[in-house]
Structures are given as structure tokens and as C-alpha cells.
Amino acid sequence: MRAAVLSIYVALLLTCAAAQTVESHLVEIRVSDENRSVVSGALVTLTQGSNSIQLHTDYSGHCEFVSTFSAAYQISAEKQGYYPNVARGIDPLTRNVELTLTRERRVQQNVNVIETPPIIDPEQTSNLSSMDTPEIENIPYPTSRDIRNLLPYNPGVVQDATGQVHVAGSMTYETKDLLDGFNITSPISGTLSMRFNADAVRSTEVESTRYPVEYGQASGGIIAFRSGMGDDHYRFNVTDFVPSFQDRNGLQFDQFLPRLTFSGPLKKGRAWFYDAAESEFDNIVISELPGNADNDLLWRGSNLAKAQINLTSADRMTLGLLLNDYHSPYEGISPLTPKQTTTDRNTLAGLAYVKNQFSFSDGTVLELGLGAVRFRDSYEPHGTAPFVINPETTNGSYFENLIGHSERVQETADAYLPPKQLAGRHSVKLGMEVDQIHYSENTTRQPVNYVSENGTLIRQSIFAPQSFFSHNNLELGAYLEDRWSSHGNLTIEPGIRFDWDDIVRKPLFSPRVAFAYSLSKPAKTKVSAGVGLYYDRTQLQYIESAFQSPRTDVYYAANGITPNGSVITNFVLPTSLEEPRVINWSIAVEQKLPGSNYLKCDFVEKRGTRGFVFQNNNPADSLGGTYTLTNRRQSKYDAMDISLRHVFPHGYTLFGAYTRSSARTNEVLDYSPTLSILGPQGRGPLPWDTPNRVLSWGWLPVPLTKRFDFVYTLQWHTGFAFSAVNANQQLVGTPDSYRFPDYFSFSPGLEIRFHWRKYYLGLRGVLENATGHANPFTVNNVTDSHQFLTYSNFEGRSVTARIRIISTN
């Protein structure tokens, strides 16, 4: 009897234990980095036997699920730019799990850590193109001291001869450039002009379509740089500390480009610092010019200093200070611009910012940011000789002396609300931004003489005295967006944005919606699409033109002595303006193929209207008069990108892409109050239009060796468009009806890497433009010259090297 009772009692205990094991309960997972900063958008996979569940962390780095696991299971977390982390043997009764993702670094203490293979993110709706530490370190992009030169190795990004980039056929000023979330675009020119140590960049991100309403005042796209931060170990990195030499017009100094990063703890587990300094001494030699006047010896330096302080477990503060200094004694020297006609240019720029991130117990995250960017740009000519433009080149001293100041104070507030369940998970984000912009300029100008090939005076431009002027603008923005992840494989991201500024003074509303649908879990096939309305910021360079003094053009008879009439030209603002806007829609398909191959096809169509452009109020054949700023410019861009990426073991990668595109406008010419093409406006391709473009890059291990890697880049594209003019700078034919020769460059290299004591050493040599393809950057576009369509300033073949020493602490 006692035995029977005991058996029943034991059975009841086992039954209760089993019931307790399978009882469902909520498990909360938190993912953060080594500095305890939240990692949003991480892919979290829970696995028990053959069963698996996939989740994504929300804006606060959290995700949760209802567990019915009856035995131990594992949780893995991964995100591009981080090393994956796996927690095994999770007790089925556990209710809270914390995972730390370590940011990818060049050297790891744990040699078993490998890079994360690329994954198809089922909740990524935009066409985000991200390059993280492996790409930044391994792609041998030209002039690697300048991280901007890496951007064109993203499909859809084109770099012009000045070094500025164009995203999806857009003007440079139509793109918003961010460093650690703060706008570093020049307030007046709209260019990406801030420079910083390339070794400090942890990732670059380019979005040209389907980007959310969080980003406003940018119809072209978003370029975001994210810099590093220290951890609980002291680390340093030294690059290119040995000068190089070149054989151009004789053996002479080439470059000295030292870079240094240093980081570590201010207080372990709580506060860290990061500092990245660089300098550049560059001897630019133009072999087409005489040996005694063929170079520009410039100097440039920058320093980025950062700190992160975890004031509490729920309050994290980040501070940053970036300083730039640039001096070029003969700025703009080229075969068509001799040394005496260049300018002595000096630029000082800086960015200071502070950001606080507050995490609340209910899952709400609040970010407050304050940043200020300031530029001081000046140039002055060499001497006072009259400035002369002839069909072959320029002579004399440059006509303009300028000192300009511009600044932007940026205030941001973003709130990430805790996810809510309603037919799926809703992650809501809202925020606002206030930008205060100021610009001032002081300019003096001398006359400009236009002469024929035999030296006969054709036209003289005389400028009225220019008074000092300044201008202010206030920009306001706010947005609301929702990321709805259904219980299936569908993610929808609707949003609306409001913008207003003190110049246009009209409320602007930008609705956008995008979705991503995965055909399976895990995602092996994904379709994403979207449509949206995107407004631009009010481009102040156009406003500045209307404050310039009038220009009087005096024409001369065939003898070059007798005046033959004059025209007064001035630029004015209308009584009202509209903000330029673009309607952008796109669709993309991503497919994981067998053998670690990833295929992506992306189509985008952009239609821009109400773009700023100056129109001559006089008859179409007039060569001067009153130019009024209008909203008549229209633009269109169509592109199809096809890319394929193959990933080898240990992170070795091959990438290739082909882009077929068209970037055109109904108003090609940008008239200027000073030096400008004369003649009627017209349709045509934009100067950076490249109908066909092929990209490829990668790095591979060299067979039969353990230390050598083979690296390369390859780029081919249709030549850029340009216009022809006569000696009077009057348009000949239609705008942009000529093209440069097709561009082609193949640059292979070898890199050897090894450890020595506590240091990692890397030495890389690259043969730039190995085929010696003639890639000119300059053309004589004057039809009255016997050198018309003569190309110069060729890229040529060269050997570059990179030397690095990295601490392995």
C-alpha cells in the first residue's frame, strides 16, 4: 500500500515538473554593444533542435517572445558591422537574456572570431548600401586618405572630377551628409567638404530611395558616416608614416600622409574616448606645365575627438569635436590653369556636438542632440595683373578675392516608443529638428578680359563694387513614422514629414511608404518597394547669387580696341519661391543563391520638379540682362542596378555590379553672376550622367601563402558630358552634347599582414590604373581654339603603398 502511494506521489511530482517546464512565459532579450549602447535592428535567432524563431531588436535594443521551450536552447544575435554572438544552453525558465555584439575591428584578441556573413534583412525597407570595417580596410580605393573616394564603389554613386559625389543622379547639394547623425553638408555650397581620418570611420551608409521620413530636406539621398569609439582596452593605429616620391618632371617629393587613432577607457565600464588625427602634405605636379611652375604644395589636417560617458545605466552622453584646416597656395592648378592664375586658398572648418540618449523602463528611448558646424573659406589671387581668358588657357591674376563664413546650429529630438501589438508589431518613431543657418561674404573683383586666339580683346567684364552682405535662414522639421511588422513576413513603413523655412515660408508635407516582403524564413528571397515625396532644402548658393553686384560686359570690334556696345547683367530674386521636390519610387529583389552568392536587382525612378534655376528675362538669344531665380528646372533619373556578391570563408569577398541609368534635365546650364556660359538654356544630360557603369572590387587569399592577400578595384563607365563654347564663352550647339572618353581603371595590389610582438603590421602595394588607360580630367572645350577637344590632366599609372601598425591590446 505504501509503495503504491509513493508511486502515485512521484508520478504527480513528475507531472507537475513537466507542466512547469512547458508552461509558456515571456522572455525579454536585450542586445547592446561593448559600450552598453543599444543595438537596434539586430537579427536574433532562437534555436532548439530543428525549431527556430527569428526576431529583430527594436529601437531600444529589445525583443521578446513567448517561450514554450521544454529544454535548453540557444540564442544568436548578428548585425552587419558587428561580430555575431551566440549564447548556448539557455535555461528554459530564463526570462531575461542579455547579448553583447562587438563592433568589427581590424585586429581581434580572439583569433577565432570571424566576420559576419551578409544576411538579407527581412525588415530593411530602404535600399541601404553599407560598407563596414572589412570593406573600408580591404577595398584599395584610390587616394585612401579621403573616405569620400570609397563612396563611388557603391552602385548608383558617381564621383565627378572635383571629388564631389552624386547619389542616384542628383545634384551634390540634394544629398544630406551626416557624421554620427549630425549634418556636415556645407551650409552655403551644399558640398561634402568636411574631412576626417579615414581610419576613424566604422561604416559608411548610402540610401538613395525608400529612406524614411526621419531624413528630410534631401531629395537625392543620404550619406552617413559613423565613427569609432574606444572600449576598455587602450588601442592605437598608425598609417602611412613614411613619405613617398614621384617621377614627374624629375624625381621629387610626392606625399606624406600620416594618420593616427588612439582610444581607450576614461573609466572602465563607464566612460571611453577616441581620437583620430591626420595630416596631408601633398605635392601636386602638373607635367604639362613648365618645370619651374608646375606644382602646388598643399597642407591639410584634421582631428576628430570623441567621448562617451554612461552617466547612468539609462543615460548615455556622447560628445564630439572635429576640426579641419586646409591651405593650398595654388588652388586649382591644371594644364588649363597655370600657376599664376590660381588662388591662395585657406579653409577652416569645425563641428562640435553633444548627444544624450535616455532609456526609460517602459522601453521608450529619447535622444536629444545639439550640434554646430562652421566654415571659414577664403582665397586671394597672386598679384594684380588683369585676368585674361583665351581659347587655350588663362593668364594674369585671378579676378576675385573672397572671405566667406557659414554656420549651422542643429537641434534634434527623437523619441522611439515601445512596440505595440495590433495585427503585428508597431514600432513608432517621431522627432523634430531646428536648424539655424547664417552666411556672410566679403568680396572684391577686378575686370575679366576675354581674348581670341591671336590675343585680340573680344569682351571685358567689369563688376560693380560688392558690398558686404549676410543672410540668415531658419529651418523647422518634424516627422512621424511607423514600422509595422506583421505576423507573417511583411514589414510596412509608412510615415509623414513636415518642413518649413524662413525663405520659402510655406508648409511642406512629405508622405512616404515602403514595404519589404520575404518569401521565406530565414529570408532567402525578399521583395521591397516604396514611393515617396522628397523636398530639398533651400539652396543658399542660389540666394547668394542674387546679392552679387551687377556685371557690365563691354564688347569690342574686330580690332579689339573700339567698344561695340555693352550689356548689364544682374541676378534677382522673385517675390515668392516654391521648394524643389522629387517623387521617387522603386522596387528591388534580393536573392540568396547557392554557394554564398547574393544577388540584388534594384530599379529606381525619380522625377524632380520646381528645381531652382536662373532664367534670362531677355530674348533667348540675349547674352546678358536680368536673370530671375525660378522653379522651372525639371529632372528625371532612371536606373537599374544588378549586383552580385560572393563571400568566401573568413570574410573574403568578391563584388560586381552593372548600372544602366539616365540622368537628364530640361535646364542644363547654371548661369553665374561672374564667370558663366552665355546663351540659351536647353535640355540635355547632367554633367555626371553615366548611361553604363561597371564596378567590381574584392580581396582574396593568395594560394599557397598564409600572409598575402590579393586586393583590387575595377571601374568602367561612359565618359562625362560637357558643353562646347566659343572664345566669348558663348554656348556652341546644345548643352552637354560632348562627352569625355570612356573611363576605365583596374587597380590590383598585394597586402602582407603579420604580427610582431604586441603589434599587427600590414603593408599594401597597389598598381593604380594598371592598364595605363588614358583617363583625362580636363578638356579644351573652346571651338575657336586649334586645341579644341584636346584632353589633358591624365590619371596615368602609379604605384601607391599603405603601411599600418595596430596595437593588439
(message) Give me the extension gain from TYR658 to VAL589: residue separation times 0.36 nm, minus the current Cα-Cα distance, reported in nm with one decimal.
(response) 23.3 nm
(request) Would you list, by chain and number, the lysines whose Cα falls below 16 Å from the Cα of LYS420, excluding same-chain residues fewer than 8 positions away? (result) LYS429
(message) Can you give me the % of accessible surface on the stretch 203-271 that is carbon or sulfur? Probe 1.4 Å, all protein chains present, nothing else counted.
(response) 57 percent
(message) Regarding the chain, what's the average projected area of the Cα-atom convex hull, expressed in nm²?
(response) 39.0 nm²
(message) Give me the dipole magnitude in Debye, nearest 20, for the stretch 297-353 about the Cα centre, with unit charges on the beta carbon: positive for Lys and Arg, negative for Asp and Glu.
(response) 80 debye
(request) Under 28 Å Cα to Cα from LYS267, which lysines show up? Leave out anything in the same chain fewer than 8 places away. (result) LYS79, LYS306, LYS355, LYS758
(request) Please identify every one of the chymotrypsin sites (Phe, Trp or Tyr not before Pro) in the stretch 411-501 that sits in a loop by DSSP and has no more than 10 other beta carbons within 10 Å of its own beta carbon. (result) PHE468
(request) First compute the accessible area of the stretch 697-752 with a 1.4 Å probe, then give the percent of it belonging to carbon and sulfur atoms. (result) 65 percent
(request) With a probe of 1.4 Å, find how much accessible area the stretch 590-670 has per residue, and write the answer as a whole number in Å². (result) 45 Å²
(request) First compute the accessible area of the stretch 553-680 with a 1.4 Å probe, then give the percent of it belonging to carbon and sulfur atoms. (result) 58 percent
(request) Extending each Cα 7 Å along its Cβ direction at LEU297 and THR456, get the distance between those two points in nm, one decimal. (result) 4.4 nm
(request) Note the angle between two axes, namely the Cα long axis of helix 2-22 and the longest principal axis of the Cα atoms of the chain, as a number of degrees from 0 to 90, rounded to the nearest 10. (result) 10 degrees
(message) Are there any trypsin sites (Lys or Arg not before Pro) in the stretch 702-804 that are in a DSSP loop and have at most 16 other Cβ atoms within 10 Å? List them by number.
(response) LYS706, ARG707, ARG757, LYS758, ARG797
(message) Positive end of the dipole of the chain, charges at C-beta (+1 Lys, Arg; -1 Asp, Glu), about the Cα centre: which of THR94, ILE188, ASN617 has its Cα farthest in that direction?
(response) THR94
(request) Show that you can apply the helix-only estimate: for the chain, add -39,500 (n - 2.57) for every DSSP H stretch of four or more residues, divide by all residues, and state [θ] at 222 nm to the nearest 500. (result) -1000 deg cm²/dmol
(message) Could you give the length gained by full extension between ASP232 and VAL531, i.e. 0.36 nm per residue of separation minus their alpha carbon distance, to one decimal place?
(response) 103.2 nm
(request) Would you work out if the stretch 217-296 is rounded, prolate or oblate? Take a ≥ b ≥ c from the square roots of the eigenvalues of the alpha-carbon gyration tensor; rounded if a/c is under 1.5, else prolate when a/b is larger than b/c, oblate otherwise. (result) oblate
(message) Which one, THR665, PRO691, HIS650, is farthest towards the positive end of the dipole of the stretch 584-691 when Lys and Arg carry +1 and Asp and Glu -1 on their Cβ?
(response) HIS650
(request) Let me have the relative contact order for the chain, percent, based on Cα pairs under 8 Å that are six or more residues apart. (result) 9 percent
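The values are calculated or read from the model by the stated rules, or taken from the named source; none is laboratory data. Bear in mind that the values here come from a model prediction, so they are computed numbers and not experimental data. We place every Cβ from the backbone using ideal geometry, glycine too, and count neighbours over all the protein chains shown. Areas reflect the complete protein model, heavy atoms only, side chains present, ligands, DNA and RNA absent. Shrake-Rupley method; radii C 1.70, N 1.55, O 1.52, S 1.80 Å.
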